[in-house]
Structures are given as C-alpha cells and as structure tokens.
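Accompanying notes for the structure given below.
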Amino acid sequence: MNNFELKRKERYRAPHTLYREPDPEETSFSGNLSFLAAPLLFAAALLFLLLFFWQWQGYRKSDNAYHSLREQLVWTQSGSGLSQSAQGSRLDFAPLLEQNPDTVGWLSIPGLDLSLPVTRNADSTYYLRRGFDGAFSNNGCLFRPSWDAGGWADSLCHVIHGHNIYNGAMFGKLDQFRNEEFLAENPSFVLYTPEGDFRCTIFSVHDAVANDASYALEFEPGEDYDAFLEYLKALSLWDTGVEVPSGSRILTLSTCRSSYASNNQRFVVHAIMEPMQ
C-alpha cells in the first residue's frame with residue numbers, strides 16, 4: 001500500500017469524521033432504550049386519554065347540572081325594577097336561594113348563549129372548583145369576590161369572575177367581545193338580582209392582568225371616580241361610542257385570556273348598569 005492510501009485511511013479514522021463504528025456497549029444500551037420506549041409512550045398516551053376522559057366527563061356533568069337549573073327557573077310577567085319604594089326581579093329568586101343561599105344574581109348574555117347563576121361566598125376561592133350545588137365541578141361557578149361586599153345598588157363598581165372553559169362553558173365565549181363587529185351586534189346584556197334587574201351596556205373591552213387597576217372597586221361619587229371611568233373607556237380595544245355619565249354604576253366581567261396556560265392574563269368587559277323598569 002502506497003503512502004497516499006495510508007494517509008487516506010488515517011484521514012477517515014480521524015475524530016472529526018461523521019461516522020464511526022458504534023461501541024458494542026453503546027449499542028446494547030440504545031437497544032434497551034428502544035425496547036422501553038414503546039411501552040412508556042403507550043402508558044403516557046393511555047394516562048393522557050384517561051385524564052382527558054375524566055375531565056370531559058366532569059365538564060359534561062357540570063353542563064347538565066346548569067342546564068337542569070335553567071329549566072327550573074320561574075319568571076314573572078314583569079319585575080318592579082329597582083326604585084326607592086319597591087324592589088323586585090322578573091326572576092323568582094326564592095327557589096334559587098333555597099338551593100344555595102350564596103345566590104346573588106343571574107347573568108344572561110343572549111349573544112353568547114349564556115344564562116348562569118352568580119354567587120358570592122366569604123371565601124373568594126370557594127366557587128373556583130365548585131358548582132352551584134357546592135359539589136366539585138371543573139366549571140366552577142360565576143362569582144363575585146368576597147371584597148365586593150356591597151349590594152348591587154349600594155356600590156358603584158362590581159365584578160363577576162368566571163372560568164374560560166375550552167368548550168365555551170361559563171365565560172369560555174366572553175372573548176367574542178374582542179371582535180368589533182360582534183360587540184356592535186351585542187352591545188348589552190342583563191343581570192337579574194333579588195334587588196332588581198339591570199340592563200348592562202358595554203362601554204369597554206380590553207386585556208388586563210390579575211391585579212390590574214381596572215378591577216378597583218372602592219369609590220365614592222366624584223372627580224376621582226369619573227376619572228376612573230374615563231380611564232376604563234380609554235383602555236378599550238374598540239371605541240364603542242357609548243357615553244359614560246358621571247357617577248355611573250358599572251359591572252366588570254372577567255375571565256382568563258385562554259383555557260390553558262393563561263397565568264395572570266385576563267380579558268375583561270366593562271358595562272354601565274342601569275335599572276330596568
């Protein structure tokens with residue numbers, strides 16, 4: 001063999017070559033990993049499917065419970081509205097309060113096909129994973145936080161929280177108000193309460209964080225509060241064209257930005273609350 005052939009062979013044995021003969025022990029180890037990979041992947045897939053099925057069953061059970069609750073509602077021909085002399089609602093709250101004394105309202109947003117009870121508990125985390133009946137529920141329940149303690153007519157600001165459920169349950173469709181055309185076609189919704197019913201006209205929709213200033217509740221009528229209302233209006237993704245009178249009572253609806261991995265990102269809707277006569 002001449003010198004050229006020897007140098008060529010040495011070259012392709014150099015460390016920088018792309019190919020080298022596998023070590024027998026490495027081959028054995030890799031083979032063992034390949035042997036274990038299939039059952040491990042199968043077990044992981046099976047576990048995922050079981051968890052998904054369990055979660056899906058939970059959502060389905062919760063949806064059925066709220067559907068059944070809606071069928072039990074008792075409506076009157078007309079409510080007396082909210083006034084100094086007479087209070088009442090078009091919805092008979094007596095059966096709801098008998099089932100759950102934490103009931104503080106019923107929210108109806110026809111454009112989202114949403115019709116759900118609103119609760120309030122001294123523990124603001126209570127309804128995160130409990131349904132209206134108090135049993136465990138993936139959907140949870142719409143709720144006012146404990147620090148939103150005043151009556152609907154007593155305080156200027158109120159907030160209702162709800163989960164963003166991937167199947168559209170609870171506030172899972174709330175971000176449809178992110179669409180300007182949808183917002184224009186569905187500018188208002190109704191909140192029924194034992195104190196009286198309110199027509200809620202949306203004036204601002206925007207993204208927020210969990211501790212955002214837009215969640216502030218403790219205000220008295222005056223310049224500071226009116227400046228706060230203007231601040232909320234300026235945050236809106238769209239100009240709704242809705243005028244916000246001085247001292248307006250408002251309701252904020254809040255949910256996570258997405259069903260998964262939303263962390264502290266929120267989407268909120270602000271609306272003026274006006275008594276329905």
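Tabulated results
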item	result
Within region 122-157, considering residues that are of a type in the set (A, V, I, L, M, F, W, C) and surrounded by 20 or more Cβ atoms within 10 Å (Cβ to Cβ), the one farthest from W75 (Cα to Cα)	C157
Matching entry among G134, G151 (being assigned to a loop (DSSP other than H, G, I, E, B) and at positive phi)	G134
Single condition V244 does not satisfy, out of (1) of a type outside the set (D, E); (2) assigned to a strand (DSSP E or B); (3) more than 16 Å from A153 (Cα to Cα)	(2)
Residue that is in a loop (DSSP other than H, G, I, E, B), in contact with a strand residue (DSSP E or B) (Cβ under 7 Å, 6 or more places away or on another chain) and more than 19 Å from H270 (Cβ to Cβ), where the choices are N167, N139	N139
Answer from A210, A271 - the residue that is surrounded by fewer than 18 Cβ atoms within 10 Å (Cβ to Cβ), of a type in the set (G, A, S) and touching a residue at least 12 places away in the same chain (Cβ under 8 Å)	A210
The listed residue being free of Cβ contacts under 8 Å to residues at least 12 places away in the same chain and over 29 Å from K61 (Cβ atoms), out of E181, E230, E185, E195	E181
Among residues of region 187-223, those that are under 21 Å from V118 (Cα atoms) and not in a strand (DSSP E or B), counted	9
Identity of the residue in region 170-186, in a loop (DSSP other than H, G, I, E, B) and not small (G, A, S), that ends up farthest from the chain's Cα centre (by Cα)	N186
Filter result for the condition that a residue is surrounded by fewer than 22 Cβ atoms within 10 Å (Cβ to Cβ), of a type outside the set (G, A, S), within 18 Å of L91 (Cα to Cα) and modelled with pLDDT of 95 or more, over T103, T119	T103
Selected residue (only one of D226, D212, D239 is of a type in the set (D, E) and within 15 Å of I160 (Cα to Cα))	D212
Subset of region 235-258 (residues that are surrounded by 15 or more Cβ atoms within 10 Å (Cβ to Cβ) and either in contact with a Gly (Cβ under 7 Å, 6 or more places away or on another chain) or closer than 14 Å to L217 by Cα (or both))	S248, R249, I250, L251, T252, L253, S254, T255
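The values are calculated or read from the model by the stated rules, or taken from the named source; none is laboratory data. Note that the coordinates shown come from a computational prediction; the quantities given were computed from them, not determined experimentally. Every residue, glycine among them, receives a Cβ derived from its backbone with ideal geometry; neighbour counts consider all protein chains shown.
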